1. What angle, in degrees between 0 and 90 and rounded to the nearest 10, separates the Cα long axis of helix 49-73 from the longest principal axis of the Cα atoms of the chain?
2. Where the centre of each part is set by its Cα atoms, how far does the stretch 1-54 sit from the stretch 121-157, in angstrom?
3. Using the crude model of +1 on Lys and Arg Cβ and -1 on Asp and Glu Cβ, and no other charge, please compute the dipole size for the chain relative to its Cα centre, in debye to 20.
4. Tell me the angle of helix 11-23 to the major Cα principal axis of the chain, expressed in degrees between 0 and 90 and rounded to the nearest ten.
5. Quick check on the chain: helices-only [θ] at 222 nm, where DSSP H runs of length 4 and up contribute -39,500 (n - 2.57) each and the sum goes over total residues. Nearest 500, please.
6. Report the charge-dipole magnitude of the stretch 70-157 in Debye, nearest 20, computed about the Cα centre from +1 at each Lys and Arg Cβ and -1 at each Asp and Glu Cβ.
7. How far, in degrees from 0 to 90, does helix 29-40 lean away from the longest principal axis of the Cα atoms of the chain, to the nearest 10?
8. Among (1) 130; (2) 168; (3) 138, which one is volume of the Cα convex hull per residue in Å³ computed from these coordinates?
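Bear in mind that the values in this text are calculations on the coordinates, not laboratory data. Here the structure is a predicted model, which is why all the values come from computation and not from measurement. Here Cβ is always computed from backbone atoms with ideal geometry, including for glycine, and neighbour counts include all displayed protein chains.
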Amino acid sequence: MAQEKIYPMTLAGKEKLEKELEELKTVRRKEVVERIKIARSFGDLSENSEYDSAKEEQAFVEGRITLLEQMVRNAKIIEEDANSDVVTLGKTVVFKELPDEEEESYTIVGSAEADPFEGKISNESPMGSSLMGKKVGDEVTIQTPGGEMNVKIVNIK
């Protein structure tokens, strides 16, 4: 039997996933079942785009429920580390892009709660994995799809 993947995350991240899971199970699942029921009433299912669409949505919702259940079940809450001089999960890293010195800030989280638009990057991403274990003052070369990016860490919170 294969070992299940562990999903490191913050307590807030786990709570967010649990809330989404509850919404899918109690609201979205019922809405999709109702859509299927209505689409069936239109008759011939072989040429019924409403039915096909509802069945596709049902497959998506059920797949997402399964994934979220697995993530919540295998969540490993990131403990708050008082040592803030090393980049670890749960830490916010402030760095300057070299040579133009443009400052950026990201929180390193597990893949389950990564959201770059909210400033949360996965420890498994090219940037996150390159920053892990580094200290303030370190210069890091990050391999990105667009090429190399050089940064200097200025703060870790």
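1. 40
2. About 36 Å separates the Cα centre of the stretch 1-54 from the one of the stretch 121-157.
3. Working: 22 positive and 33 negative charges, 130 e Å.
Dipole of the chain, to the nearest 20 debye: 620 debye.
4. The answer is roughly 10 degrees.
5. -11500 deg cm²/dmol
6. Details: 9 positive and 17 negative charges, 80 e Å.
So the dipole magnitude of the stretch 70-157 works out to roughly 380 debye.
7. 40
8. (2)
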